[in-house]
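The values are calculated or read from the model by the stated rules, or taken from the named source; none is laboratory data. Nothing here was measured: the structure is a model prediction, and the numbers come from that model. No Cβ is skipped: glycine too gets one built from the backbone with ideal geometry, and neighbour counts run over all protein chains shown. Heavy atoms of the whole protein, side chains included, go into the accessibility calculation; ligands, DNA and RNA do not. Shrake-Rupley method; radii C 1.70, N 1.55, O 1.52, S 1.80 Å.
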Amino acid sequence: MIRFIKTKDYADMSRKAANIIGAQVVSKPNCVLGLATGSTPIGTYERLVEGYENGDLDFSKVTSVNLDEYRGLTHDNDQSYYWFMNHHLFSKINIDKNNTYVPDGTIEDAEAACKQYDEIVRKSGGQDLQLLGMGHNGHIGFNEPCDKFVKDTNCVNLTQSTIDANARFFASKEDVPTQAYTMGIGTIMQAKKVLVVVSGADKADIVEKAFFGDITPQVPASILQLHEDVVVVGDEAAFAKIADRI
Ligand code: F6R
(Lines give C-alpha, C1' and ligand atoms only; values in the text may rest on other atoms or scores of the structure.)
Protein backbone atom coordinates (compact mmCIF):
# COMPACT_ATOMS: atom_id res chain seq x y z
CA MET A 1 0.00 0.00 0.00
CA ILE A 2 1.25 3.47 -0.86
CA ARG A 3 0.43 6.52 1.22
CA PHE A 4 1.22 9.99 -0.08
CA ILE A 5 2.17 12.93 2.08
CA LYS A 6 1.99 16.18 0.15
CA THR A 7 4.23 18.93 1.47
CA LYS A 8 4.50 22.61 0.64
CA ASP A 9 8.06 22.65 -0.59
CA TYR A 10 11.48 21.01 -0.27
CA ALA A 11 12.03 22.22 3.30
CA ASP A 12 8.66 20.89 4.39
CA MET A 13 9.32 17.58 2.61
CA SER A 14 12.68 17.30 4.37
CA ARG A 15 11.16 17.94 7.81
CA LYS A 16 8.40 15.40 7.33
CA ALA A 17 10.71 12.73 5.95
CA ALA A 18 13.12 13.29 8.85
CA ASN A 19 10.22 12.98 11.29
CA ILE A 20 9.37 9.57 9.86
CA ILE A 21 12.98 8.38 10.12
CA GLY A 22 13.28 9.94 13.57
CA ALA A 23 10.15 8.12 14.74
CA GLN A 24 11.71 4.86 13.54
CA VAL A 25 14.88 5.53 15.52
CA VAL A 26 12.95 6.49 18.66
CA SER A 27 10.63 3.50 18.51
CA LYS A 28 13.42 1.01 17.72
CA PRO A 29 16.82 2.40 18.76
CA ASN A 30 18.70 -0.57 17.25
CA CYS A 31 16.89 -0.34 13.92
CA VAL A 32 18.45 -0.89 10.50
CA LEU A 33 18.10 2.12 8.23
CA GLY A 34 18.51 1.74 4.48
CA LEU A 35 19.89 5.07 3.26
CA ALA A 36 20.17 6.88 -0.05
CA THR A 37 22.38 9.58 -1.52
CA GLY A 38 21.53 12.08 -4.27
CA SER A 39 20.36 15.63 -3.80
CA THR A 40 16.83 14.97 -2.54
CA PRO A 41 17.66 13.50 0.91
CA ILE A 42 20.24 16.16 1.84
CA GLY A 43 17.64 18.32 3.64
CA THR A 44 16.30 15.24 5.41
CA TYR A 45 19.79 14.45 6.70
CA GLU A 46 20.19 18.06 7.87
CA ARG A 47 17.01 17.73 9.94
CA LEU A 48 18.20 14.41 11.38
CA VAL A 49 21.48 16.05 12.40
CA GLU A 50 19.43 18.76 14.11
CA GLY A 51 17.40 16.09 15.90
CA TYR A 52 20.64 14.59 17.19
CA GLU A 53 22.03 17.96 18.24
CA ASN A 54 18.78 18.79 20.10
CA GLY A 55 19.07 15.55 22.02
CA ASP A 56 15.90 14.15 20.44
CA LEU A 57 17.61 11.42 18.42
CA ASP A 58 20.18 8.87 19.52
CA PHE A 59 21.79 6.91 16.68
CA SER A 60 24.27 4.99 18.83
CA LYS A 61 22.57 1.65 18.26
CA VAL A 62 21.48 2.19 14.66
CA THR A 63 22.91 0.19 11.76
CA SER A 64 22.77 1.66 8.27
CA VAL A 65 23.05 0.05 4.86
CA ASN A 66 23.33 2.30 1.84
CA LEU A 67 21.79 1.59 -1.52
CA ASP A 68 24.66 2.01 -3.87
CA GLU A 69 28.16 3.14 -4.76
CA TYR A 70 30.08 3.96 -7.91
CA ARG A 71 32.39 1.19 -8.97
CA GLY A 72 36.02 2.28 -8.85
CA LEU A 73 35.73 5.32 -6.61
CA THR A 74 37.85 5.27 -3.46
CA HIS A 75 36.45 6.28 -0.08
CA ASP A 76 38.32 9.58 -0.06
CA ASN A 77 36.90 10.61 -3.44
CA ASP A 78 34.40 13.36 -2.67
CA GLN A 79 32.05 11.97 -5.34
CA SER A 80 31.89 8.55 -3.71
CA TYR A 81 28.72 7.76 -1.82
CA TYR A 82 30.88 6.65 1.09
CA TRP A 83 32.22 10.20 1.30
CA PHE A 84 28.73 11.69 0.81
CA MET A 85 27.26 9.76 3.73
CA ASN A 86 30.10 10.68 6.06
CA HIS A 87 29.94 14.29 5.03
CA HIS A 88 26.17 14.76 5.24
CA LEU A 89 25.30 12.46 8.10
CA PHE A 90 27.61 9.97 9.78
CA SER A 91 30.28 12.43 10.91
CA LYS A 92 27.59 14.68 12.39
CA ILE A 93 25.63 12.19 14.50
CA ASN A 94 26.58 9.57 17.08
CA ILE A 95 26.17 6.52 14.85
CA ASP A 96 28.91 3.92 15.33
CA LYS A 97 30.90 4.08 12.07
CA ASN A 98 31.50 0.33 12.33
CA ASN A 99 27.77 -0.14 11.88
CA THR A 100 27.48 1.92 8.70
CA TYR A 101 27.74 0.09 5.40
CA VAL A 102 28.04 1.32 1.83
CA PRO A 103 28.77 -1.08 -1.05
CA ASP A 104 32.54 -1.10 -1.49
CA GLY A 105 33.34 0.50 -4.85
CA THR A 106 37.03 -0.29 -4.41
CA ILE A 107 36.46 -4.04 -4.75
CA GLU A 108 37.30 -4.75 -8.38
CA ASP A 109 35.73 -8.18 -8.51
CA ALA A 110 32.11 -7.19 -9.08
CA GLU A 111 30.68 -10.57 -8.20
CA ALA A 112 32.58 -10.70 -4.92
CA ALA A 113 31.62 -7.12 -4.05
CA CYS A 114 27.92 -7.78 -4.64
CA LYS A 115 27.92 -11.10 -2.77
CA GLN A 116 29.70 -9.52 0.17
CA TYR A 117 27.16 -6.71 0.33
CA ASP A 118 24.14 -9.00 0.22
CA GLU A 119 25.69 -10.90 3.10
CA ILE A 120 26.12 -7.66 5.07
CA VAL A 121 22.47 -6.71 4.53
CA ARG A 122 21.33 -10.22 5.41
CA LYS A 123 23.41 -10.29 8.60
CA SER A 124 22.05 -6.88 9.64
CA GLY A 125 18.60 -8.46 9.77
CA GLY A 126 17.29 -6.33 6.87
CA GLN A 127 16.11 -2.75 6.69
CA ASP A 128 13.40 -1.64 9.11
CA LEU A 129 13.05 1.45 6.97
CA GLN A 130 14.47 2.08 3.51
CA LEU A 131 14.83 5.66 2.33
CA LEU A 132 14.72 6.12 -1.46
CA GLY A 133 15.04 8.93 -3.94
CA MET A 134 13.87 8.33 -7.49
CA GLY A 135 15.60 9.06 -10.79
CA HIS A 136 13.83 10.76 -13.71
CA ASN A 137 13.61 7.39 -15.45
CA GLY A 138 12.20 5.71 -12.34
CA HIS A 139 15.46 4.18 -11.16
CA ILE A 140 15.77 3.31 -7.49
CA GLY A 141 19.23 2.73 -6.14
CA PHE A 142 21.04 2.35 -9.44
CA ASN A 143 18.50 -0.14 -10.76
CA GLU A 144 17.97 1.33 -14.18
CA PRO A 145 15.06 0.61 -16.56
CA CYS A 146 15.63 -2.93 -17.74
CA ASP A 147 13.76 -5.95 -19.08
CA LYS A 148 13.63 -7.66 -15.69
CA PHE A 149 13.70 -6.80 -12.00
CA VAL A 150 17.11 -7.85 -10.64
CA LYS A 151 16.79 -9.30 -7.14
CA ASP A 152 20.21 -9.10 -5.49
CA THR A 153 23.00 -6.58 -5.24
CA ASN A 154 24.42 -6.21 -8.73
CA CYS A 155 26.86 -4.29 -10.86
CA VAL A 156 25.10 -2.03 -13.35
CA ASN A 157 26.09 -0.04 -16.38
CA LEU A 158 24.68 3.42 -15.85
CA THR A 159 22.42 4.75 -18.59
CA GLN A 160 23.44 7.81 -20.54
CA SER A 161 20.65 9.82 -18.88
CA THR A 162 21.96 8.97 -15.42
CA ILE A 163 25.55 9.73 -16.43
CA ASP A 164 24.37 13.07 -17.84
CA ALA A 165 22.35 13.86 -14.70
CA ASN A 166 25.34 13.06 -12.48
CA ALA A 167 27.83 14.95 -14.62
CA ARG A 168 27.03 18.16 -12.73
CA PHE A 169 28.91 16.76 -9.74
CA PHE A 170 32.12 15.97 -11.65
CA ALA A 171 34.77 18.15 -13.27
CA SER A 172 33.87 16.69 -16.67
CA LYS A 173 31.51 14.11 -18.17
CA GLU A 174 34.48 11.79 -18.74
CA ASP A 175 35.09 11.62 -14.98
CA VAL A 176 31.62 10.22 -14.25
CA PRO A 177 31.93 6.51 -13.47
CA THR A 178 30.02 4.30 -15.89
CA GLN A 179 29.28 1.47 -13.47
CA ALA A 180 27.92 1.14 -9.97
CA TYR A 181 27.13 -1.48 -7.38
CA THR A 182 23.53 -1.33 -6.24
CA MET A 183 21.23 -3.19 -3.94
CA GLY A 184 18.84 -5.18 -6.09
CA ILE A 185 15.11 -4.69 -6.28
CA GLY A 186 14.58 -7.73 -4.03
CA THR A 187 16.97 -6.32 -1.41
CA ILE A 188 15.04 -3.04 -1.47
CA MET A 189 11.62 -4.71 -1.39
CA GLN A 190 12.50 -6.75 1.70
CA ALA A 191 12.55 -3.56 3.80
CA LYS A 192 9.70 -3.50 6.30
CA LYS A 193 8.86 0.07 5.42
CA VAL A 194 9.86 2.22 2.44
CA LEU A 195 10.07 6.00 2.49
CA VAL A 196 10.39 7.73 -0.89
CA VAL A 197 11.30 11.41 -1.11
CA VAL A 198 10.58 13.40 -4.28
CA SER A 199 10.85 17.10 -4.94
CA GLY A 200 10.46 19.44 -7.87
CA ALA A 201 8.41 19.75 -11.06
CA ASP A 202 10.95 17.69 -13.00
CA LYS A 203 9.85 14.62 -11.00
CA ALA A 204 6.10 15.07 -11.63
CA ASP A 205 5.96 12.80 -14.71
CA ILE A 206 7.86 9.93 -13.15
CA VAL A 207 5.89 10.16 -9.89
CA GLU A 208 2.70 9.58 -11.88
CA LYS A 209 4.21 6.77 -13.95
CA ALA A 210 5.82 4.98 -11.02
CA PHE A 211 2.88 5.02 -8.63
CA PHE A 212 -0.14 5.06 -10.97
CA GLY A 213 1.23 3.42 -14.11
CA ASP A 214 1.97 -0.19 -15.04
CA ILE A 215 4.25 -2.23 -12.82
CA THR A 216 7.18 -2.81 -15.13
CA PRO A 217 10.98 -3.15 -14.88
CA GLN A 218 11.07 -0.33 -17.44
CA VAL A 219 10.03 1.88 -14.49
CA PRO A 220 11.88 0.21 -11.61
CA ALA A 221 10.14 2.23 -8.86
CA SER A 222 6.76 0.92 -10.04
CA ILE A 223 7.50 -2.34 -8.16
CA LEU A 224 6.86 -0.35 -4.97
CA GLN A 225 3.14 -0.58 -5.78
CA LEU A 226 3.44 -4.20 -4.59
CA HIS A 227 5.05 -3.33 -1.24
CA GLU A 228 2.73 -3.30 1.74
CA ASP A 229 4.11 -0.22 3.51
CA VAL A 230 5.32 2.66 1.35
CA VAL A 231 5.15 6.35 2.20
CA VAL A 232 5.93 8.85 -0.52
CA VAL A 233 6.72 12.31 0.82
CA GLY A 234 6.74 14.85 -1.97
CA ASP A 235 6.32 18.53 -2.49
CA GLU A 236 3.46 20.11 -4.44
CA ALA A 237 5.53 20.39 -7.61
CA ALA A 238 6.47 16.70 -7.63
CA PHE A 239 2.85 15.71 -6.92
CA ALA A 240 1.39 18.07 -9.55
CA LYS A 241 0.16 15.24 -11.80
CA ILE A 242 -1.33 13.10 -9.05
CA ALA A 243 -2.84 15.78 -6.81
CA ASP A 244 -6.45 14.76 -7.58
CA ARG A 245 -5.78 11.07 -6.86
CA ILE A 246 -4.21 11.26 -3.41
C1 F6R B 1 21.11 7.42 -4.57
C2 F6R B 1 20.26 6.67 -5.45
C3 F6R B 1 19.55 7.24 -6.62
C4 F6R B 1 18.91 8.60 -6.36
C5 F6R B 1 18.20 9.11 -7.61
C6 F6R B 1 17.56 10.47 -7.39
O7 F6R B 1 21.67 6.59 -3.57
O8 F6R B 1 20.16 5.52 -5.22
O9 F6R B 1 18.55 6.34 -7.02
O10 F6R B 1 18.02 8.49 -5.29
O11 F6R B 1 19.12 9.21 -8.65
O12 F6R B 1 18.56 11.42 -7.22
P13 F6R B 1 18.24 12.92 -6.80
O14 F6R B 1 17.76 12.87 -5.39
O15 F6R B 1 19.57 13.62 -6.90
O16 F6R B 1 17.21 13.42 -7.75
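Structure above, values below:
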{"quantity": "Sites Lys151 and Arg3 - FRET efficiency at Förster radius 22 Å, r taken between beta-carbons, to 0.05", "calculated": "0.30"}
{"quantity": "Where labels lie 7 Å past Cα in the beta-carbon direction, separation of Glu108 and Ile215 in nm", "calculated": "4.2 nm"}
{"quantity": "Violating pairs (Cα-Cα greater than 30 angstrom) within the set Lys8/Lys61; Lys28/Lys115; Lys6/Lys173; Lys148/Lys203; Lys8/Lys148; Lys6/Lys193", "calculated": "Lys8/Lys61; Lys6/Lys173; Lys8/Lys148"}
{"quantity": "Local electrostatic count at Glu53 - Lys and Arg +1, Asp and Glu -1, tallied over other residues with Cβ under 14 Å", "calculated": "-2"}
{"quantity": "GluC sites (Glu not before Pro) restricted to segment 152-231 and DSSP loop, no more than 13 other C-beta within 10 Å", "calculated": "Glu228"}
{"quantity": "Considering only segment 63-213, percent of DSSP beta bridges that pair antiparallel, nearest 5", "calculated": "55 percent"}
{"quantity": "Neighbourhood net charge (11 Å Cβ-Cβ; Lys/Arg +1, Asp/Glu -1) for Val219", "calculated": "-3"}
{"quantity": "Kirkwood Rh in Å, taken over the chain so that all alpha-carbon pairs contribute", "calculated": "17.9 Å"}
{"quantity": "Karplus (6.51, -1.76, 1.60) ³J(HN,Hα), θ = phi - 60°, over segment 22-27, in Hz, Gly and Pro reported as x", "calculated": "x, 4, 4, 5, 5, 6"}
{"quantity": "Alpha-carbon spread of segment 55-175, three principal axes, descending order, Å", "calculated": "42, 32, 28"}
{"quantity": "Accessible area (Å², per residue) of segment 127-198, counting only protein heavy atoms and a probe of 1.4 Å", "calculated": "39 Å²"}
{"quantity": "Amide H partners (placed H, <5 Å) of Leu132, local residues excluded", "calculated": "Leu195, Val196, Val197"}
